[in-house]
Amino acid sequence: MKKWQCLICGFVYDEAQGLPEEGLAPGTRWEDIPDDWLCPDCGVGKADFEMIEVGSAA
Amino acid sequence: MQQPLVIVGSGLAGYTAAREWRKLDRERALVLVTADDGSFYSKPMLSNALAGGKTPQQLASFSAEQMAAQLQAEILIRHRVLQLDIDNRTLRLRSDTGAERTLAYGQLVLALGADPVRLPLNGDAGNELLAINDLQDYKIFRQRIADAKSLLVLGAGFVGCEFANDLLLAGYQVTVADPMSAPMQRLVPPAIGQGLAQALEQAGAQWRLGWAAAAVDHHADQLRVTLRRLADGAEESLVVDRVVAAVGLRPRRELAQAAGLKTERGIVTDACLATSASGVYALGDCAEINGELLPFVMPIMHCARALAKTLCGQTTPVVFPAMPIVVKTPAYPNVVVIPPANVAGEWRSEQQDGGAKSLFIDSTGKLRGFALGGTAVGEKAGLLQTLNG
Ligand SMILES: Cc1cc2nc3c(=O)[nH]c(=O)nc-3n(C[C@H](O)[C@H](O)[C@H](O)COP(=O)(O)OP(=O)(O)OC[C@H]3O[C@@H](n4cnc5c(N)ncnc54)[C@H](O)[C@@H]3O)c2cc1C
Ligand SMILES: [Zn+2]
């Protein structure tokens, strides 16, 4: 499981946790999130996220 | 030959508009003009990069050359637009080297941003105030605080509070002064502002709420700031190494004003981001959209997506969902959805263990906005659903 961070606002999407309140079940992989999904904190698209190391402090 | 789309400004507004438009039109020429070096960077991170040890270079994810390649655009960096001629549809530009030229546009997007407000202070050190509103300011800020220990932050709005928290985490002694009686008073109800004030105090901040800066003077290699208490006019002087000013932004509207475009607080646009001049659009911190200034990332993203369609001939008004503003103060995380300006209602606040929750309820009993602080931030997603549902 990986983590992805928004380059603009710092929001972190953790695949292990998912985002149940947005209908992304725990374990939902980044590739499986729809392309039109937007960062819940700032509204940028998936292209503005980058993978961060698993278990990193960020 | 069809004239290019010209976008002025390479901040989040200019670059996002360019990107969204390029997705829809792969053919037409795009020229981006910017007074800075054209790096794509995250402005929100300027106020939380210090504690994470991020250098200015790390905040810039792409250079102007990389952006030009991604966008199939010509990017004129270090070129300032001096003048806009809406009758002839041209711009007058001057480069850093002093060379001037004229550029014709088919359609024009103004994404000029905003200038930090300069406080009119007495004293001989007014020019020592550090205002951080772009990557270049941030570079200077980092240099100037390298050997400092104590800082005064003027302004307890959301940007001032974020810088205060970041500086505390980086080990500085921080005092925050603001004429208002609670932090972020224009954005959140007192319950949340007080929670933030307490949490930052516990993290080491000294507050001077109800105090306004009156003067700043050199004092050996430090600065002496004279603060005045609004309630009784009492004065206090404070000696610190550096002073950060975070006292608000003023939309850059001079260029538009001089060209005869309608301006109020910002460059006036309708819901389709069209200014009063045909073929000229505005978005981002410079724009006043349907009477509102919305200087935040999420509205800019929504505007850019709507504008891209409009620029391609499919006129599209921007429709904003409920937009949370996440305040990056780790000592007391908080998030707010500002209620619409024209809605009558009241804030209802409740304290909970380590947090506070305020709901803005309109006269029909409907939820129209909220602010959550500390442990209550977890309720964000649920409340957003209620608002958007
Ligand atoms: C410290 C800080 C923290 C923030 N944190 C958040 C946050 O957490 N969440 C959030 O939603 N928002 C946040 N914001 C607000 C958000 O970052 C801004 O609303 C947004 O970045 C503005 O983008 P912009 O493109 O409109 O303006 P800018 O980024 O200022 O871009 C303006 C561009 O116009 C160019 N320009 C101006 N005049 C001319 C001219 N005459 N000729 C040529 N070029 C010109 C400039 O060089 C620049 O490239 C924060 C702002 C600050 C300052
Ligand atoms: Zn984000």
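Name the single residue, out of those in region B:284-304 being more than 13 Å from chain A (Cβ to nearest Cβ) and assigned to a helix (DSSP H, G or I), that is farthest from ligand 1 (Cβ to nearest atom).
For region B:284-304, the residue satisfying everything is B:Cys286.
Just checking, which of B:Ala68, B:Ala29, B:Ala49, B:Ala64 is surrounded by 20 or more Cβ atoms within 10 Å (Cβ to Cβ) and either away from chain A (no Cβ under 14 Å) or among the acidic types (Asp, Glu) (or both)?
Of the residues listed, the single one that is surrounded by 20 or more Cβ atoms within 10 Å (Cβ to Cβ) and either away from chain A (no Cβ under 14 Å) or among the acidic types (Asp, Glu) (or both) is B:Ala64.
Quick check on B:Val216: is it under 30 Å from B:Gln173 (Cβ atoms) and either within 16 Å of the chain's Cα centre (by Cα) or modelled with pLDDT under 95 (or both)?
Values: under 30 Å from B:Gln173 (Cβ atoms): yes; either within 16 Å of the chain's Cα centre (by Cα) or modelled with pLDDT under 95 (or both): no.
The answer is no for B:Val216.
Just to be sure I understand the filter: pairs with C-beta atoms under 8 Å, separated by 6 or more residues or on different chains, first member in region B:18-33 and over 19 Å from B:Ala104 (Cα atoms), second member assigned to a helix (DSSP H, G or I) and of a type outside the set (A, V, I, L, M). Which pairs pass?
Listed by first residue and then by second, the contacts come to B:Arg19/B:Gln70; B:Glu20/B:Arg305; B:Leu24/B:Lys309.
Which residue out of B:Val326, B:Val335 is within 14 Å of chain A (Cβ to nearest Cβ), in contact (Cβ under 8 Å) with a residue 40 or more places away in the chain, within 16 Å of ligand 2 (Cβ to nearest atom) and in a strand (DSSP E or B)?
Numbers: B:Val326 fails: in contact (Cβ under 8 Å) with a residue 40 or more places away in the chain.
Answer to the selection: B:Val335.
State which residue is farthest from B:Leu187 (Cα to Cα) when the search covers only region B:269-288 and only residues that are in contact with a Gly (Cβ under 8 Å, 6 or more places away or on another chain) and not small (Gly, Ala, Ser).
B:Cys286
Any idea which of B:Leu261, B:Leu273, B:Leu255, B:Leu223 is over 19 Å from the mean Cα position of the chain (by Cα) and either more than 14 Å from ligand 1 (Cβ to nearest atom) or crowded, with 22+ Cβ neighbours inside 10 Å (or both)?
Working: B:Leu261 fails: either more than 14 Å from ligand 1 (Cβ to nearest atom) or crowded, with 22+ Cβ neighbours inside 10 Å (or both); B:Leu273 fails: over 19 Å from the mean Cα position of the chain (by Cα); B:Leu255 fails: either more than 14 Å from ligand 1 (Cβ to nearest atom) or crowded, with 22+ Cβ neighbours inside 10 Å (or both).
Going through B:Leu261, B:Leu273, B:Leu255, B:Leu223 in turn, the sole match is B:Leu223.
Answer yes or no as to whether B:Gly38 is more than 16 Å from ligand 2 (Cβ to nearest atom), within 14 Å of chain A (Cβ to nearest Cβ), out of contact with any Pro (no Cβ under 7 Å at 6 or more places or on another chain) and part of a loop (DSSP other than H, G, I, E, B).
no
Looking at (1) away from ligand 1 (no atom under 14 Å from the Cβ); (2) in contact (Cβ under 8 Å) with a residue 60 or more places away in the chain; (3) of a type in the set (A, V, I, L, M, F, W, C); (4) within 14 Å of chain A (Cβ to nearest Cβ), which is the one condition that is false for B:Leu12?
(1)
The values are calculated or read from the model by the stated rules, or taken from the named source; none is laboratory data. A quick note: this is a predicted structure, and the numbers were derived from the prediction, not measured. Counting neighbours? That spans all protein chains shown, and the Cβs are built from the backbone with ideal geometry, glycine included.
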